[in-house]
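The values are calculated or read from the model by the stated rules, or taken from the named source; none is laboratory data. Worth saying up front: this structure is predicted, and the values here are computed from it rather than measured. Backbone-built Cβ (ideal geometry, glycine too); neighbour counts: all protein chains shown. For accessibility, only protein heavy atoms count, side chains too; no ligands or nucleic acids. Shrake-Rupley method; radii C 1.70, N 1.55, O 1.52, S 1.80 Å.
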Amino acid sequence: RFASFVNRRSPFWVEAMDLEVPSELEGKIKEWAQQAQSADPAVCVSAVRELRKALSKEVDPPIDQVIETGVVDKLIKFGADRANPELAFESLWCLTNIASGSSKQCAVVIQAGAVPMAIQSLGAPSTDMQ
């Protein structure tokens, strides 16, 4: 079991999907952050889902790049949106991934007001949100 864990966590283990050029990924992150500002909820869900996937990379997730786009405040707003549980779920997942980074990255999420919003989400009717 330990060998399996080491192989999965090794910096030399990279999925084929993770071989994207960083500058290309950075451009996509900026694009997704802009799309998250859309008035169309479907566009927002899609954009936030792509941000969540990028932040879920096992090796070197682009947390700082996502923070630099300024999208954290929007993610908090979406996380509190009970009218769109799918968007709220994806947003909370993004915020969790950002907060799991360094203490500085976690502080960005806390200072933006995520803690009260996260506590409120515990009372959400959707079990995915709890």
Heavy-atom accessible area of Leu122, protein chains in place, probe 1.4 angstrom, given in Å² to nearest 10, is 110 Å²
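Quick check: net charge around Val43, other residues with Cβ under 12 Å of its Cβ, Lys/Arg +1 and Asp/Glu -1? Write out the running numbers ahead of the final one.
Working: positive: Arg49; negative: Glu31, Asp40, Glu50.
Summing Lys/Arg as +1 and Asp/Glu as -1 gives -2.
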Judged on accessible area alone, 1.4 Å probe, highest first, Thr96, Thr69 line up as Thr96, Thr69
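Ignoring ligands, DNA and RNA, how do Phe78, Phe89 rank by accessible area with a 1.4 Å probe, largest first? All intermediate terms of the calculation are to be shown ahead of the outcome.
Values: Phe78 20, Phe89 70 Å².
The most accessible residue leads, giving Phe89, Phe78.
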Heavy-atom accessible area with a 1.4 angstrom probe orders Cys106, Cys94, most exposed first, as Cys106, Cys94
Taking a straight Cα-to-Cα line shorter than 18 Å from Lys74, and setting aside same-chain lysines fewer than 8 residues away, one finds Lys28, Lys30, Lys53
